[in-house]
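Read-outs: derived from the displayed coordinates by stated rules, not from any lab. A quick note: this is a predicted structure, and the numbers were derived from the prediction, not measured. Quick reminder, even Gly has a Cβ in these numbers, built from the backbone with ideal geometry, and neighbours come from all protein chains shown.
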């Protein structure tokens, strides 16, 4: 219905009419009018059509106006991201400070395009209308002035504090973190107005930063009683000895490998090898959550709403209640658990031969942490005693051998392996951040990752062969112009890259930059040139992994798309066929993509806040760093040994007058010819931390100050793709 509406209003001879008249022109019957109305509302919400004078429906003017999502920058300027049609890469329009009306981060806005200045390729515009608000709920810090209660909203999107009425509303005290619902949004000229709906606690108090992020991103942090009751009833009805319709694999040698602090274990692995043919038989056994949460149940509705579990520092917001996510569905050592299992055969060289899928029952023999597996490999390679039984050690060694074969095959196909390590926060016994480091991605992580990738591909190929719509993990090929921009950047840093940019030339740059100071800048620039992976039923490839068919199957405890794949697979296992509605699957994919982005943004935000808290107590600390971005007002630098990035403002470069060279990504001193170029290695010093505006100010220093080695802590939960 949406496509019918779009096709009609896009005709050159279309004259704007009211919704009912438009429905008549489209031949919509009265019974179908509710569907038409819902489709029109969705198009309006997404900014694809607009209401004009007299509530008439009109297309968005492509020549002088465009619709997109706005995001504010620390400078007060904003960028509007526009999702281009026809599979083209999204592009951005710059909104100068003062030209965004009363828009807030994430709002869908209509932008009146300005004339190009003739310099560069930037597009400029002014917000002419707010199409849809992303949220009315915000988090900020309460303060008082002249007998009025005010709230400074976190971030840089609002230049003024919000008026919240008389002092002490809801019992708020100065410097408390509060939740505000906006009644009137602030603009460049006027303060906004709102009401305090919740007082989270004093700024800096334990747990307040976590609550602030949860409220700011509107994350659900409690389960309705109906859902908890259903989970309890499901637990009471579980019979681990009832294996009707399941393949009994409880006697097989099966292990799990997870982070040390993991509470839910949704994947396990078995692996044997035929001594005659040399063929591998890999079993990937995934928690059968679909057995406990049938479609339409309270558990299912809540999981669908959440879309994903959210892994915040020191707190998890699970997709399912813990009685399931940490209990019945979790593959605990020594306990019978139900699974969806992919049993895959590969040649000695790792080529797929055959795959079958079963509803199974397993009993995990041994639960490993990544650190334990890494230590076992190191001990074995050094000829030392691993303290493991012979059969388990042989299993781990087989898994490593096959994983290395898989990785070699992937690389030969052109799969990209960007090194973008996750930050790991370090805590003392009181839960206070004492430091941070980058997470390792050693062989123990890679072994499990390769097994999971193999299962995801096998399931995707099976469902693709059945011609059923399913939630694929789609990563479209990048826009050629984006790749050419990356290639130009790589050449500036001295990397030879062909004019025609493909997977192999990109991977060549990745390999050549290994161990180089500019590696982070290169990998980050490459990541920005790629499109974002999404969930969709459209049969598109996963560009980075170089798979024509790919889906997520291996984490149904924490990802709703995996659960939908399990249900399709379950019907196929039981009946030999399966089906799904493509339109419903498409809408579900868009919802799950949004909840995934929300979860990732919330996690990044809280990690950033805690890093800033640590740095605020280490003003003057020096770190070796790499320049990751250059602009006319200065540059950004990423610390090499500490997972934090900061801004070096051009005003702090007092030894010369520096001129910005946009094409060369460089600030160049007019007299000294000294330069600060993207990818350069420098030493920075922390000067100032503005937690409210989410900004770390740095300056160029002389010599790095050695940091004390922090005690190592548990690895973070790795998000396997």
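In summary, the convex hull built on the alpha carbon positions of region 416-461 has an orientation-averaged projected area of 4.9 nm². Full extension of the segment from residue 508 to residue 77, taken as 0.36 nm per residue of separation minus the current Cα-Cα distance, would add 151.5 nm. Where a ≥ b ≥ c are the square roots of the eigenvalues of the C-alpha gyration tensor, would you call region 480-529 rounded, which needs a/c under 1.5, or, failing that, prolate if a/b is larger than b/c, or oblate? Prolate is the answer for region 480-529, as a/c is 1.5 or above and a/b outweighs b/c. A viscosity of 0.890 mPa s and a temperature of 25 °C, combined with the Kirkwood radius over Cα pairs in Stokes-Einstein, give a translational diffusion coefficient for the chain of 87 µm²/s.
Remark: spin-label model distance residue 591-residue 243 equals 3.7 nm, labels positioned 7 Å along the Cα→Cβ axis. From the gyration tensor of the Cα coordinates in region 621-700, what semi-axes in whole Å does the equivalent ellipsoid have, largest first, with each one equal to sqrt(5λ)? Working through the eigenvalues yields semi-axes of 21, 13, 12 Å. Averaging 1/r over each pair of different alpha-carbon atoms in region 2-59 and inverting the result gives 11.3 Å, the Kirkwood hydrodynamic radius.
Computing FRET efficiency as 1/(1 + (r/R0)^6) for residue 539 and residue 404, where r is the C-beta to C-beta distance and R0 is 30 Å, gives about 0.50. Which semi-axis lengths, in whole Å and largest first, follow from the square roots of five times the eigenvalues of the Cα gyration tensor of region 137-203? Over the Cα atoms of region 137-203, the semi-axes work out to 17, 12, 10 Å.
Among 247-253, 342-348, the peptide with the highest mean count of other Cβ atoms within 10 Å heads the list, and the full ranking is 342-348, 247-253.
For the chain, the antiparallel share of DSSP beta bridges with both residues in that region comes to about 90%.
Where both bridge residues fall in region 137-203, DSSP classifies roughly 95% of the beta bridges as antiparallel. Among 553, 524, a tally of other beta-carbon atoms within 10 Å of each Cβ gives an order, fewest to most, of 524, 553.
The convex hull built on the alpha-carbon positions of region 505-544 has an orientation-averaged projected area of 3.3 nm². Spacing of the modelled spin labels on residue 392 and residue 413, each 7 Å from Cα toward Cβ, amounts to 3.3 nm.
Once the piece of chain linking residue 135 and residue 20 is laid out straight, how much longer is it, given 0.36 nm per residue of separation minus the C-alpha distance between them?
38.4 nm
Computed from the C-beta positions of residue 571 and residue 11 and an R0 of 35 Å, the FRET efficiency is 0.25 to the nearest 0.05. For 574, 77, the sequence from fewest to most other C-beta atoms within 10 Å is 574, 77. Rg and Dmax, both from the Cα atoms of region 294-424 and both in Å, are 18.9, 55.
By other beta-carbon atoms within 10 Å, ranking 312, 243, 615 with the fewest at the front produces 243, 312, 615. Can you give the helix-only mean residue ellipticity at 222 nm for the chain, where every DSSP H stretch with n ≥ 4 adds -39500 (n - 2.57) and the sum goes over all residues, rounded to the nearest 500 deg cm²/dmol? My calculation for the chain gives -9000 deg cm²/dmol from helical runs alone. Projection of the Cα convex hull of region 439-529, averaged over all directions and equal to a quarter of that hull's surface, yields 7.9 nm². Taking 0.36 nm per residue of separation and subtracting the Cα-Cα distance, full extension of the segment from residue 664 to residue 694 would add 8.0 nm.
Quote the FRET efficiency, to the nearest 0.05, computed for residue 261 versus residue 232 with a Förster distance R0 of 35 Å and r equal to the Cβ-Cβ distance.
0.85
Extent along the principal axes, Cα only, for region 456-587: 58, 26, 22 Å, with the longest axis given first. Summarising the label geometry, the points placed 7 Å from Cα in the beta-carbon direction at residue 616 and residue 582 lie 5.3 nm from one another.
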